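Engineer: My questions all concern the structure below.
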Amino acid sequence: MTDQQPLNADEILDVVDENDQVVGQAPRGAAYARRMRTRASFILVRDAEDRIFVHRRTPQKLVFPAHYDMFVGGVVGTGESYDEAALREAEEELGVQGLARPEPLFKFLYETAEHTWWSAVYQVRCTLPVDPQASEIDWYAFLTEEELTRQLDVWPWTPDGLAAYRELLARREAGDL
């Protein structure tokens, strides 16, 4: 599978400034290669037993291939709102239809030397049977928060997902969520 092309490199994305205002558009691959700021949605999914959906990304992913993540989600398409992207991405990645609209929690700017995107973080409860998108996810499980915490220093996590999760925990600890 390593000889396959990365997914979605030609998808057109909005490019945004430091205030999250659209300043142009670019193909995803070019935006990442040139470190243009884009938008992403992160959705923390819990099942009926309050466990968190955790998955490993496929090796074909354009960014952070074969890394684990405690969020589903992805880029916000050109002209799409964060809310629209959150629902679309959650349903696509979980392989469900009729999911409740994810609840917005907070926004933050994810920035490293390689990547930068405004990130809207959501949560949703999914009691539907999941059938994850094989092109996006090659392993998944619902883990308790304790099980997830035990893996934080063991598994290779997506850096942006880990940053979002740590921000979520910090805001929860501060009583902001």
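The values are calculated or read from the model by the stated rules, or taken from the named source; none is laboratory data. As the structure is a computational prediction, the values presented were derived from the model and not from experiment. Glycine gets a Cβ as well: all are built from the backbone with ideal geometry, and neighbour counts include every protein chain shown. Only protein heavy atoms, including side chains, enter the accessible area calculation; ligands, DNA and RNA are left aside. Shrake-Rupley method; radii C 1.70, N 1.55, O 1.52, S 1.80 Å.
Engineer: Looking only at residues that are open to solvent by less than 50 Å² (accessible area, probe 1.4 Å) and among the hydrophobic types (A, V, I, L, M, F, W, C) in segment 25-35, which one is farthest from ASP160 (Cα to Cα)?
Structural biologist: My answer is ALA26.
Engineer: Tally up the residues in segment 96-108 that are more than 24 Å from ARG171 (Cα to Cα) and either open to solvent by 40 Å² or more (accessible area, probe 1.4 Å) or within 14 Å of the chain's Cα centre (by Cα) (or both), please.
Structural biologist: Residues flagged as more than 24 Å from ARG171 (Cα to Cα) and either open to solvent by 40 Å² or more (accessible area, probe 1.4 Å) or within 14 Å of the chain's Cα centre (by Cα) (or both) within segment 96-108 amount to 2.
Engineer: Filter segment 36-65 down to the residues that are among the hydroxyl-bearing types (Ser, Thr, Tyr) and either in contact with a helix residue (DSSP H, G or I) (Cβ under 7 Å, 6 or more places away or on another chain) or open to solvent by 10 Å² or more (accessible area, probe 1.4 Å) (or both), then identify the one that is farthest from VAL22 (Cα to Cα).
Structural biologist: The selected residue is SER41.
Engineer: So for segment 50-59 (the condition being under 27 Å from ARG101 (Cα atoms), in a loop (DSSP other than H, G, I, E, B), among the hydroxyl-bearing types (Ser, Thr, Tyr) and touching a strand residue (DSSP E or B) at 6+ places or on another chain (Cβ under 7 Å)), does at least one residue qualify?
Structural biologist: yes
Engineer: Of all residues in segment 66-79, which are in a loop (DSSP other than H, G, I, E, B) and either open to solvent by less than 30 Å² (accessible area, probe 1.4 Å) or at pLDDT 95 or above (or both)?
Structural biologist: Answer for segment 66-79, where residues must be in a loop (DSSP other than H, G, I, E, B) and either open to solvent by less than 30 Å² (accessible area, probe 1.4 Å) or at pLDDT 95 or above (or both): ALA66, HIS67, MET70, PHE71, VAL76.
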